[in-house]
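The values are calculated or read from the model by the stated rules, or taken from the named source; none is laboratory data. All values derive from a computational prediction rather than experimental measurement. Virtual Cβ from ideal backbone geometry, glycine too; neighbours counted across all protein chains shown. Just so you know, the surface numbers come from the protein's heavy atoms only, side chains and all, with ligands and any DNA or RNA stripped out. Shrake-Rupley method; radii C 1.70, N 1.55, O 1.52, S 1.80 Å.
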Amino acid sequence: MSFNRRDILRAGLGAASAAIADRVFVSQVEAAEAPLGYTLPKLPYAFNALEPHVDAKTMEIHHDKHHAAYVDKLNEALAKHPELKKKDPVTLIREIAEVPEDIRQAVVNNGGGHVNHSLFWQMMKPKGGGNPTGEVAKAIDASFGSFKDFQTQFADAAMKRFGSGWAWLVVGDNGKLEIVSTANQDSPLMTGEGKMPILGLDVWEHAYYLKHQNKRADYVTSWWNVVNWDFVNDQLSKAKS
Ligand code: MN
């Protein structure tokens, strides 16, 4: 396949033709690219499900526009090296050093964006928050002293990230929990140090600007109310197995 929807639109077709082309595009995608392309995962809940802590409009734009764009640009970058599309997205970015240099930064940005957001949606849930449960609760106490101390240090990492990036709770290869922060869409999975993210907070302005404007601290405070500790526990047990 040698064209995409943008090419068709660029070719100056009218709306009706573009709609037909769109159907052609979809059927060709299904036929030719779906097995090897990366796809936008569905949100596991409605856009408004995290209200009032995270607003519906932010969730809609964040998922349908921002995350979708990372997926599209990742597929575009990999068009030059389609064999890489056989890797699941986590393996692709964990093995980032094996990605050819001509597309590596594009895969860091967009593959990182795809994996980070795919995790982020699952790290939140309606009626989430509260105190951590299970093994994560014990591991947080062991590593940080208390949940409150952990929250303080995690929020600090989120606040001190200058510009765009993420705060993470990771399991190191020694099995210990650590707080790290990454710039842009870099993932702890890319460091080659065996770090596994189990909780992450997106501090790009696109994650909070509509509701909180420049007040990142208010967003961080609200976000604790939607943390999905069940998922964090699942990630912890995967990291340890
Ligand atoms: Mn984001």
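Some observations on this one:
- Count Lys and Arg as plus one, Asp and Glu as minus one, and take only other residues whose Cβ is under 15 Å from that of residue 150; the net charge is then -2.
- Residue-level accessible surface for residue 176, protein heavy atoms, 1.4 Å, Å²: 130 Å²
- Highest to lowest packing among 198-206, 76-84, scored as the average C-beta count within 10 Å: 198-206, 76-84
- Restraint check, 42/238; 85/240; 65/215; 57/125; 138/238; 65/240, Cα-Cα greater than 25 Å: 85/240; 65/240
- Taking all protein chains as shown and a probe of 1.4 angstrom, residue 186 keeps an accessible surface of around 50 Å².
- Expected 222 nm ellipticity per residue - DSSP helices of 4 or more, -39500 (n - 2.57), all of the chain, to 500: -14000 deg cm²/dmol
- Net charge in the neighbourhood of residue 116 (other residues with Cβ under 10 Å of its Cβ; Lys, Arg +1, Asp, Glu -1) is -2.
- In degrees, nearest ten, helix 147-160 long axis to first principal axis of the chain (Cα): 50 degrees
- Relative contact order of the chain: 20 percent, from C-alpha pairs under 8 Å at least 6 residues apart in sequence.
- Anisotropy class of the range 173-241 from Cα gyration tensor, a/c 1.5 cut: oblate
- If you bin all the Cα-Cα distances of the chain at 10 Å, starting from zero, the percentages per bin are 7, 29, 33, 21, 8, 2, 0.
- Surrounding net charge for residue 176, when Lys and Arg each add one and Asp and Glu each subtract one, Cβ distance under 14 Å: -2
- The order of the peptides 219-227, 165-173 by mean Cβ neighbours within 10 Å, most packed first, is 165-173, 219-227.
- Mean separation of Cα contacts under 8 Å, 6 or more apart, over the residue count of the range 134-239: relative contact order %: 26 percent
- The accessible area of residue 94, taken with all protein chains in place and a 1.4 Å probe, comes to roughly 120 Å².
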